[in-house]
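This report refers to the structure that appears directly beneath it.
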Amino acid sequence: MIKIAVLVSGGGTNLQALIDAQKAGAFPNGEIVLVMASNQKAYALERAKNAGIESVVVSRKSFADPADYDRVVVETLQSRGIELVVLAGFLSILGKPVIDAYPGRILNIHPSLIPSFCGAGFYGLRVHQAALDYGVKVTGATVHLVNEIPDGGRILLQKAVDVLPDDTPETLQRRVMEQAEWKLLPQAVAMLCEQLEQEKKS
Ligand code: GRF
């Protein structure tokens, strides 16, 4: 069984999609055993509690030295035997020690079709505002592996979503979540759990 940790910072709708997908048997080889939030106020913590999943808060701001933050993150994950890390609306930057501890095993969902509207500073509604400002007719979501470049890792899955003439950043974000993010992330987790399980057998 692949032990999964989901890292969150906000509402946790992507976490909820993973919880619901797990219940529906979408990734029989994997189990979400930990939710790590970057702040105490994340509603995602409520979702974890309601699903009976252990949660912990590790706040980047409470560490003067980023190296200490990275060390605590790695220790928190490894102490629970985590093998797959999923960033779901997670807003803190993970340093090299974390990336190196989980090579090819950290997934992120980004709410655009990378390489558009991504990189430092592109998160949340800002991504959709940039898409509307540019006037693209199609946007979407991307699941990619995480490396030390923000949104720079190998792309695993993408799904396109139409931009409508009267869209606001809020209506566009909602459509990208419903039609793309909440479908792609469980799909990517299922893919990775299958792959990691096979690697264990070989
Ligand atoms: C949303 O902007 C979503 O597109 C992105 O992170 C933000 C919060 O997602 N992935 P969530 O509701 O906390 O999963």
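The values are calculated or read from the model by the stated rules, or taken from the named source; none is laboratory data. Only a predicted model underlies this, so the values are computations on that prediction, with no experimental measurement involved. Virtual Cβ from ideal backbone geometry, glycine too; neighbours counted across all protein chains shown. Just the protein is used for accessible areas: all its heavy atoms, side chains included, with ligands, DNA and RNA removed. Shrake-Rupley method; radii C 1.70, N 1.55, O 1.52, S 1.80 Å.
Testing VAL176 on (1) more than 15 Å from the ligand (Cβ to nearest atom); (2) more than 25 Å from GLU31 (Cβ to Cβ); (3) at pLDDT 95 or above, one condition comes back false. Which one is that? All conditions pass for VAL176, except number (1). The condition of being within 16 Å of the ligand (Cβ to nearest atom) and modelled with pLDDT under 95 holds for ILE93.
Table: residues versus (1) open to solvent by 20 Å² or more (accessible area, probe 1.4 Å); (2) part of a strand (DSSP E or B); (3) over 22 Å from ILE32 (Cα atoms).
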position: VAL98; (1), (2), (3): no, no, no
position: SER112; (1), (2), (3): no, no, yes
position: ARG126; (1), (2), (3): yes, no, yes
position: THR171; (1), (2), (3): yes, no, yes
position: LEU185; (1), (2), (3): no, no, no
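Being among the acidic types (Asp, Glu) and buried (at least 18 other Cβ atoms within 10 Å of the Cβ) narrows it down to one residue among ASP70, ASP65; which is it? ASP70 is the lone residue from the list that is among the acidic types (Asp, Glu) and buried (at least 18 other Cβ atoms within 10 Å of the Cβ).
The selection criterion, being at positive phi and within 15 Å of the ligand (Cβ to nearest atom), does not hold for GLY135. Within the stretch 29-48, residues that are of a type in the set (D, E, K, R) have Cβ atoms under 7 Å from residues that are open to solvent by 20 Å² or more (accessible area, probe 1.4 Å) and part of a strand (DSSP E or B) in these pairs: GLU31/LYS3, counting only partners at least 6 apart in sequence or on another chain. Checking each residue in the stretch 36-46 for being open to solvent by less than 10 Å² (accessible area, probe 1.4 Å) and within 11 Å of the ligand (Cβ to nearest atom) picks out ALA37, ALA42, ALA44. So, ALA141, is that one within 16 Å of the ligand (Cβ to nearest atom), open to solvent by less than 40 Å² (accessible area, probe 1.4 Å) and in a helix (DSSP H, G or I) or not? No, not satisfied. Between LYS49, LYS3, LYS23, the distinction of being at pLDDT 95 or above and within 16 Å of the ligand (Cβ to nearest atom) belongs to LYS49 only. Of the set (1) assigned to a loop (DSSP other than H, G, I, E, B); (2) in contact with a strand residue (DSSP E or B) (Cβ under 7 Å, 6 or more places away or on another chain); (3) open to solvent by less than 40 Å² (accessible area, probe 1.4 Å), all apply to PHE117 but (2). If we scan the stretch 17-25, do we find a residue that is farther than 18 Å from GLU181 by Cβ, charged (D, E, K, R) and in contact with a helix residue (DSSP H, G or I) (Cβ under 9 Å, 6 or more places away or on another chain)? No, because not a single residue in the stretch 17-25 is farther than 18 Å from GLU181 by Cβ, charged (D, E, K, R) and in contact with a helix residue (DSSP H, G or I) (Cβ under 9 Å, 6 or more places away or on another chain).
When ALA88 is tested against (1) in contact with a helix residue (DSSP H, G or I) (Cβ under 8 Å, 6 or more places away or on another chain); (2) of a type in the set (A, V, I, L, M); (3) modelled with pLDDT under 95, only condition (3) is not met.
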